[in-house]
Each structure stands twice: as structure tokens, then as C-alpha cells.
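Comments concern the structure below.
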Amino acid sequence: ALTALKEDGITVKVLTGDNEAVTRNVGNQVGLNIDRVYQGKDLENKTDAELKEMVRACDVFVKLSPQQKAQIDKMVIP
């Protein structure tokens, strides 16, 4: 499914409350190439412009609160 999405030009973003180790393990099992990971604490006190750049540059976000997930959703869903 991930290959089909990639072929269709769709980028998968992972937003989770889990930690980085768990997320990398599961990501590797399903074939995700995880180069960069941001944690919820990395998003704190960022401007909308800074957050938008982080979301553009990274596909995996861990240790997120529900509010942070909603904030990222607003950045990727027009």
C-alpha cells in the first residue's frame, strides 16, 4: 500500500504519541524509510512558518499530544 501511495505522489506522514524507537521499528517493518524524526518538544514555541517548514521537511513525528497532531493536520490538509 505504501508503494502504491508513493507511486501516486502521495506522501505518508506518521503522527504518533509513541516514542522514536517504537516508531522506527514499526516503520522499518512496513517499509518506511525514516531519515528524520521530530518529537513533540521540537514543535513547541514554533511559528506557523517554522512549523510548516518542519512538516514539509519531515514525515515522522513522535511523542505528540493530540493538540500537536491537530496542528500538523492543519499544515498538510488544506
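Values for this structure:
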item: Length added when fully stretched, Ile77-Thr47, from 0.36 nm per residue minus Cα-Cα; result: 9.0 nm
item: Between helix 20-29 and the chain: long-axis angle, C-alpha atoms, 0 to 90°, nearest 10; result: 30 degrees
item: Normalised contact order of segment 4-78, rounded percent, pairs of Cα under 8 Å and 6 or more residues apart; result: 41 percent
item: Highest average packing first - 28-40, 55-67, Cβ atoms within 10 Å; result: 55-67, 28-40
item: Test item: Cα-centred dipole of the chain, Lys/Arg +1 and Asp/Glu -1 on Cβ, debye; result: 100 debye
item: Helical contribution to [θ] at 222 nm, DSSP H n ≥ 4, -39,500 (n - 2.57), averaged over the chain, rounded to 500; result: -14500 deg cm²/dmol
item: Cα→Cβ-extended label distance, 7 Å offset, between Glu7 and Gln29, nm; result: 2.5 nm
item: Pairs of Lys in the chain closer than 15 Å at Cα, counting only those 8 or more apart or on different chains; result: 10
item: Local net charge near Val62, Cβ-Cβ under 13 Å (Lys/Arg +1, Asp/Glu -1); result: +2
item: GluC sites (Glu not before Pro) within the chain: DSSP coil, no more than 13 neighbouring Cβ in 10 Å; result: Glu44
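Read-outs throughout are calculated quantities, based only on the coordinates presented, and are distinct from any laboratory measurement. This is a predicted model, so every value here is computed, not measured. Heads up, the Cβs are rebuilt from the backbone with ideal geometry, glycines too, and the neighbour counts pull from every protein chain shown.
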